[in-house]
Amino acid sequence: MSSEYELSDHSNADAFVFTFHAVDEKLGPNQRWSTWLDVERGSRGPEPRPSWVVTEQAAIDTELGILKTGKEADVFLLERAVEAIGDNPAKSSLLAAKRYRTEEHRTFNRSAAYVEGRRTRNSRDSRAMAKKTTHGRGVAAGQWAYAEWDALNLLWTAGVPVPYPVQVEGTELLMEFIDDGEGGAAPRLAQVRPSKELLGVYFEQLRDGMRELARAGLAHGDLSPFNVLAQGERIVMIDLPQVVDVVGNPRGMDFLMRDCHNMAAWFTNRGLEVDEQELFADLLTMVF
Ligand SMILES: Nc1ncnc2c1ncn2[C@@H]1O[C@H](COP(=O)(O)OP(=O)(O)O)[C@@H](O)[C@H]1O
Ligand SMILES: [Mg+2]
């Protein structure tokens, strides 16, 4: 038996319909079995895997609520937990589930300028995308999820503060939930007013992250105080599906400059003078 659970009142939007198979009395309406073992190895997070990652087959995912509905994706709060079995203690972790919408459910489409110079994984997918078949629309939405997945893997492995990428499957990306230490979500940079000292600490971390991207030939592409979270002494860069190839994309330099401008403006406005041109020049030395 299978049934569908509506997460919200967007009754005709597939993106909001969470399908589960009620094969077991154990599962409530907002639960599913952990999808950890459903995906291939390359779709699970990089090693060394943090100890909080729940990998047990018996784990259950519980949808706790929505963090944010967006133009291209919605972010949900998910708990992945397993009960104590024998000698194994109970374990649980909070995850952010970012679910990309298929094209017809987007309210905004930024695809074109970002993906110039980017290749799709196979030609069947390219043709399906061009024809906008149902499969094609799924592929397009999934490609944003995989692009963000790749960027998170690259950055996390390089030690840049980004959420640990737990797994990706189709249009859903599961990652570490960045909390505020009190059970809530960490605020966006735009919402905080750090001390001058902390601003300096944040800027170092941000520049290191941007340098790491630049070293890989990439720019975030949508970097702003809304896509950086403040978690205590640490900032965490998020929202990376549109990473841009600085050289391969004809507008790559513009995207990099805009990232520098947005962030330099925020720091300067909060009281730490940051020169956007200097930052841009510094990053370019990493690219070339
Ligand atoms: N890993 C995460 N931990 C905590 N909050 C998150 C996480 N990822 C996203 N969020 C929250 O969801 C919002 C939207 O996520 P984001 O990736 O920026 O998507 P978009 O801006 O495209 O809708 C963020 O501003 C943040 O508040
Ligand atoms: Mg965002």
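The values are calculated or read from the model by the stated rules, or taken from the named source; none is laboratory data. Fair warning: this is a prediction, and the values are worked out from it, not measured in the lab. We place every Cβ from the backbone using ideal geometry, glycine too, and count neighbours over all the protein chains shown.
Key figures for this structure:
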read-out	value
Residue satisfying condition, being at pLDDT below 95 and either touching a His at 6+ places or on another chain (Cβ under 7 Å) or not in a strand (DSSP E or B) (or both), within set Q205, Q242, Q277	Q242
Condition met for L256 (within 10 Å of ligand 1 (Cβ to nearest atom) and either more than 17 Å from the chain's Cα centre (by Cα) or closer than 28 Å to P48 by Cβ (or both))	no
Test result for T157, more than 11 Å from ligand 1 (Cβ to nearest atom), of a type in the set (V, I, T) and either crowded, with 21+ Cβ neighbours inside 10 Å or within 15 Å of C260 (Cα to Cα) (or both)	no
All positions within the stretch 40-60 that are in contact with a strand residue (DSSP E or B) (Cβ under 8 Å, 6 or more places away or on another chain) and closer than 20 Å to W156 by Cα	S43, R44, G45, P46, P50, W52, V53, V54
Residues satisfying the stated conditions in the stretch 223-243, i.e. near ligand 1 (Cβ under 7 Å from one of its atoms), within 17 Å of A265 (Cα to Cα) and either in contact (Cβ under 8 Å) with a residue 40 or more places away in the chain or crowded, with 21+ Cβ neighbours inside 10 Å (or both)	L229
Selected residue (criterion: nearest to ligand 1 (Cβ to nearest atom)) from residues of the stretch 209-222 that are assigned to a loop (DSSP other than H, G, I, E, B) and touching a Leu at 6+ places or on another chain (Cβ under 7 Å)	H220
Set A264, A185, A190: member being within 16 Å of ligand 1 (Cβ to nearest atom), out of contact with any Lys or Arg (no Cβ under 9 Å at 6 or more places or on another chain), aliphatic (A, V, I, L, M) and at negative phi	A190
Some residue of the stretch 156-163 being modelled with pLDDT of 95 or more and in contact with a Leu (Cβ under 9 Å, 6 or more places away or on another chain)	yes
Of residues in the stretch 84-103 being more than 12 Å from ligand 1 (Cβ to nearest atom) and charged (D, E, K, R), the one farthest from D222 (Cα to Cα)	D87
Subset of the stretch 55-83 [within 16 Å of ligand 1 (Cβ to nearest atom) and assigned to a loop (DSSP other than H, G, I, E, B)]	G70, K71, E72
Residue count, the stretch 219-238 (criterion: more than 10 Å from ligand 2 (Cβ to nearest atom) and charged (D, E, K, R))	2
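To keep it simple, each residue is scored yes or no on (1) surrounded by 18 or more Cβ atoms within 10 Å (Cβ to Cβ); (2) over 18 Å from the mean Cα position of the chain (by Cα); (3) not hydroxyl-bearing (S, T, Y).
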residue	(1), (2), (3)
S34	yes, yes, no
I60	yes, yes, yes
A73	yes, no, yes
L78	yes, no, yes
D87	no, yes, yes
A96	yes, no, yes
